[in-house]
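Undergrad: Take a look at the following structure, please.
The values are calculated or read from the model by the stated rules, or taken from the named source; none is laboratory data. Quick caveat, the model's predicted, so the values are computed rather than measured. Virtual Cβ from ideal backbone geometry, glycine too; neighbours counted across all protein chains shown. Surface accessibility is based on the protein's heavy atoms, side chains included, excluding ligands, DNA and RNA. Shrake-Rupley method; radii C 1.70, N 1.55, O 1.52, S 1.80 Å.
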Amino acid sequence: WQSIRFGSPPVAIRSGMIAVAMTPWIIATSMKANVLTMLIGIGPERLNVFHRWLGYLCLFLSLVHMIPFYIQPVWEDGGMTVFNQLFPDGSGMIYGTGIACIVPLIWLCVASLPFIRRIAYEVFVILHIPAGIVYVGLLFWHTKNYLMSWSYLYATVGIWAVCYLMRFFKLNWTKPWRMAFMVGDEAAITLMSENAIKITIPTQMRWKPGQYVYLRMPGISLLDNHPFTISSLCSEDFPSEYGETYRDCVLVFKPYRGFTKKVLETALAKGPFHTYRAFLDGPYGGMRRDLAAFDTCILIAGGSGITSLM
């Protein structure tokens, strides 16, 4: 505008509202126990692609929202008179809360870039969810329910709460009818050739081919909760030595950094006859179609991706 007193920079408010309106979808596509998966059948590992790109688009729109207010600030050309009618707290509060919002959003997007995740995956995992909570909380502060913006944020919190409640029931050790209730399952670590590691967990959990679990082993790392594809069949033809109700959940991987390296170091230090407590979260993912529905199936994998296809 010729003067900001005639209104905000034309595209700024619109792009900001679109960024806020995208927030429920960013959260909905990020969860492991997922409402969208229940509705449309697409697994969380595929929805995560939408989650990442929605996040990048949200950052772009937030920058489009923010930058014009610095190019044409409200304290020039009589804009403060109009601005104070909408936001009595003054421009400093609104500008300050905007900066407070953009900082965690930039971290969430930049730290999610593939090459950064590869360098510091454990740091990314530990900080990603807390940074997301901080971002949504600061959005409440920044938007002040302007143009009913809190409706989108309440929807975000509601989706978050429902998905976490669903995930609670995915935890193997929260089910009173299983022996793992509150204590986890017993696990054994085997060192294999080519520096590979096999973790065998006799469990009453059930899974399907291609699914994965999150594994927490407090005896190795108290906070790490790492995803692994299950490499064994869950079939009545292969009961566990623990009994008919048990199946051996086998996880095979090569150690790199972080949790997987700790598993190797602990196994070498404590020897082959030591057992550990394992807390399983899942299973998630897997095939959405029954392979028996097709006459011919071609399975293609590279590297450690062979585990799911096996």
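Undergrad: Which residues, taken from segment 68-82, are in contact (Cβ under 8 Å) with a residue 24 or more places away in the chain and either closer than 19 Å to Val20 by Cβ or among the aromatic types (Phe, Trp, Tyr) (or both)?
TA: First, the residues of segment 68-82 that are in contact (Cβ under 8 Å) with a residue 24 or more places away in the chain: 68-69, 71-74, 76-79, 81-82.
Answer for segment 68-82, where residues must be in contact (Cβ under 8 Å) with a residue 24 or more places away in the chain and either closer than 19 Å to Val20 by Cβ or among the aromatic types (Phe, Trp, Tyr) (or both): Pro68, Phe69.
Undergrad: Consider Pro272 against the criteria (1) modelled with pLDDT of 85 or more; (2) assigned to a loop (DSSP other than H, G, I, E, B); (3) in contact with a strand residue (DSSP E or B) (Cβ under 8 Å, 6 or more places away or on another chain); (4) over 20 Å from Glu122 (Cα atoms): it satisfies all of them except one. Which criterion is unmet?
TA: Here Pro272 clears every test but (1).
Undergrad: Ok, one more. Quick check on my filter: what residues within segment 31-59 are closer than 13 Å to Gly286 by Cα, open to solvent by 30 Å² or more (accessible area, probe 1.4 Å) and part of a helix (DSSP H, G or I)?
TA: Glu45, Arg46, listed by residue number.
Undergrad: Sticking with this one: Taking segment 234-277 on its own, how many of its residues are over 23 Å from Arg117 (Cα atoms), in contact (Cβ under 8 Å) with a residue 24 or more places away in the chain, open to solvent by less than 100 Å² (accessible area, probe 1.4 Å) and of a type in the set (A, V, I, L, M)?
TA: Going through segment 234-277 one residue at a time, the tally reaches 2.
Undergrad: Check whether at least one residue in segment 78-99 is at negative phi and in contact with a His (Cβ under 7 Å, 6 or more places away or on another chain), and report yes or no. Walk me through how you get there before you give the answer.
TA: Within segment 78-99, the first condition is being at negative phi, and the residues that meet it are 79-89, 91-99.
Of the ones still in play, those that are also in contact with a His (Cβ under 7 Å, 6 or more places away or on another chain) are 97-98.
So far as segment 78-99 goes, yes, one or more of its residues are at negative phi and in contact with a His (Cβ under 7 Å, 6 or more places away or on another chain).
Undergrad: Just one of the numbered conditions (1) open to solvent by 30 Å² or more (accessible area, probe 1.4 Å); (2) at pLDDT 90 or above is not true of Met192; which one?
TA: It fails just one condition, (2).
Undergrad: So Lys144 passes all but one of these: (1) under 14 Å from the mean Cα position of the chain (by Cα); (2) within 27 Å of Phe69 (Cα to Cα); (3) among the charged types (D, E, K, R). Which condition number does it fail?
TA: (1)
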